[in-house]
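What follows is a short report on a single structure.
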Amino acid sequence: MIPHENTGFQHLGLAPKMLGLIESMKFVKPTPIQHKAIPVALEGNDIVGVAQTGTGKTMAFGIPMIQRLMSTQGKGLVLVPTRELALQVEEVLHPVAKQFQLKTVVLIGGASSYTQIKELRKNPSIIIATPGRLIDHLEQRNVQLKDVRILVLDEADRMLDMGFQPQVERILRSVPQDRQTMLFSATIPPDIVSLASRHMKLPIHVEIAPSGTAAASVTQELFIVAHDKKKDVMEMLLNQYSGAVLVFTRTKNKARSITRMLKDFGHKAAEIHSNRSMAQRKQAMNGFKSGQYRILVATDIASRGLDVTGIELVINYDLPEDIENYVHRIGRTGRAEKSGHAVSLATPDQGSDVERIEKLIRKPLPRMKHPDFVGHEFIKGARSPSRGGGRGSKPYRGGGQRSGNSRGDSRGYGKGNSRGKSSRGQRQKRSY
Ligand code: ADP
Ligand code: MG
């Protein structure tokens, strides 16, 4: 059961050895999602966990998964949407797993299949994989999933956004029915509800903040600016702030050209998007983390879920195509209770996109002006051609879940919806 007070890791049902390990990692207090998910997961329940990026979800499933694998003898499988995320999850889980003599393997595209096959032969207990490469290995019979006891779908909404639904379904059919499933997602659109109700056993819903809630510690501003003036605003911002900066563009070509431009201006910048090789993406990420690059230019897909701390400023050079990504993007700054800043650049025809963002975050974005030129206004009634439709903009009701049971943490996710509607205000526990 869940202890009421979030005091430490002591009362969550963890084994003494695990507690010792956590202590050695210098984690004093579980994050809210860990506090709620760990005891529920340790009991073997299926979980749907909803929390923004940066809230500590990896340990929320990783710690109970590793502890349970000690007694169930089976395998754990973690599915993630991107290669970077797979590596990041492995980075967190490997040191813990190792202490319990559990081997881990990462199965991702862009890396050698041969090496992965060699690692698979050592019979690892924890497989961390992207759906595509896992299916390749399944088809070639390099791996079999019949002893998977614990399945984690991390960043499930992203996985479906990226078109991985058929692969995910296929993998769900290849793992035993008798298993624990933990699904983590920042949002719960209808296709996730459907997936969960078809493949999970009365999942317990743990949620720490409604999706659409921007981190409270992030200041948000907006410039309405003609397209050809965006670079001037960006340059001004880069002078105004001194810390690490993450720049989002809509397309990979734009990411490339902006990175080139930044370098021409003498900035240390790197780019991360799907046209870059695995090695290049890793090099860019590591260089950004180590401070070799001050600026990282990224597209939404490449950046989702990445854990980089210490980002001072997020610049939305282009508004996101899927408006919901706005929250994910700005969640990159202001992490670990440090304050951060997010500045968005919108063109005058994007008034309706900005309105939708403001609806999602439930507050207006203050309009700023560049000193060198008069700020633009939105063109009334203009419809941006780029309006992202997004999934699940209609209210929905989920079916088949347990709701209103005795656990304080559980709620049927048919109530309200995931798109920033007012009904969710009451469900907000705390934004982390
Ligand atoms: P998410 O998967 O929700 O995006 P991560 O698991 O990547 O979040 O964790 C985000 C950051 O929080 C990481 O840098 C991680 O080391 C840190 N973190 C996780 N759990 C704790 C904790 N209990 N106390 C302090 N920091 C934590
Ligand atoms: Mg994560």
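Laboratory data are not the source of any read-out in this text; all were calculated from the coordinates shown. Fair warning: this is a prediction, and the values are worked out from it, not measured in the lab. Cβ placement follows ideal geometry from the backbone for every residue including glycine, while neighbour counts extend to all protein chains displayed.
Whose amide H sits under 5 Å from the amide H of Met182, counting only residues 5 or more places off or on another chain, with H placed in the peptide plane?
Placed amide hydrogens put Ile47, Leu151, Val152, Leu153 under 5 Å from Met182.
Return the aspartates and glutamates within reach of Lys369: Cα separation strictly under 12 angstrom, same-chain partners fewer than 8 residues apart disregarded; answer none if there are no such residues.
Of all the aspartates and glutamates, those that pass the test against Lys369 - Cα under 12 Å, at least 8 places apart if same chain - are Glu221, Asp232, Glu377.
Students often check this: by mean Cβ neighbours within 10 Å, which of 94-100, 21-27, 58-64 ranks highest, and how do the rest follow? Walk me through the intermediate numbers first.
On the way: 94-100: 16.3, 21-27: 13.7, 58-64: 26.6.
Averaged packing, sorted descending, gives the order 58-64, 94-100, 21-27.
Please compute the Kirkwood hydrodynamic radius of the range 55-120 from all pairs of different C-alpha atoms, in Å with one decimal. Walk me through the numbers on the way to the answer.
Details: mean 1/r = 0.0792 Å⁻¹.
Result for the range 55-120 stands at 12.6 Å.
I need the per residue convex hull volume for the range 150-304, using only the alpha carbons, in cubic angstrom as a whole number.
So the per-residue Cα hull volume is 164 Å³.
Dividing the alpha-carbon radius of gyration of the range 1-142 by 2.2 N^0.38 Å (N being the number of residues), what value is obtained? Don't skip to the answer; put the middle values down first.
Details: Rg = 15.6 Å, N = 142, 2.2 N^0.38 = 14.5 Å.
Its radius of gyration relative to the 2.2 N^0.38 Å reference: 1.08.
Which of the aspartates and glutamates could a cross-linker span from Lys282 if the Cα-Cα distance has to be under 17 Å and same-chain partners fewer than 8 positions apart are dropped?
Cross-link targets: Glu84, Glu90, Glu91, Glu271, Asp300, Asp307.
If you only keep lysine pairs separated by 8 or more in sequence, or across chains, how many in the range 16-138 come under 17 Å at the Cα atoms?
Close lysine pairs under the 17 Å cut-off: 12.
If you plug each phi of the range 87-95 into the Karplus form 6.51 cos²θ - 1.76 cosθ + 1.60 with θ = phi - 60°, what whole-Hz ³J(HN,Hα) values come out, in order, with x for Gly and Pro?
5, 5, 5, 4, 4, 7, 7, 4, x
Taking θ = phi - 60°, what integer Hz values does the Karplus form 6.51 cos²θ - 1.76 cosθ + 1.60 yield along the range 18-25, in sequence order, with x for Gly and Pro?
5, 4, x, 5, 4, 4, 5, 7
Distances over 22 Å make up what percent of all Cα-Cα pairs in the range 71-206? Could you put the intermediate results ahead of the total?
On the way: 2992 of 9180 pairs.
Value for the range 71-206: 33 percent of Cα pairs lie more than 22 Å apart.
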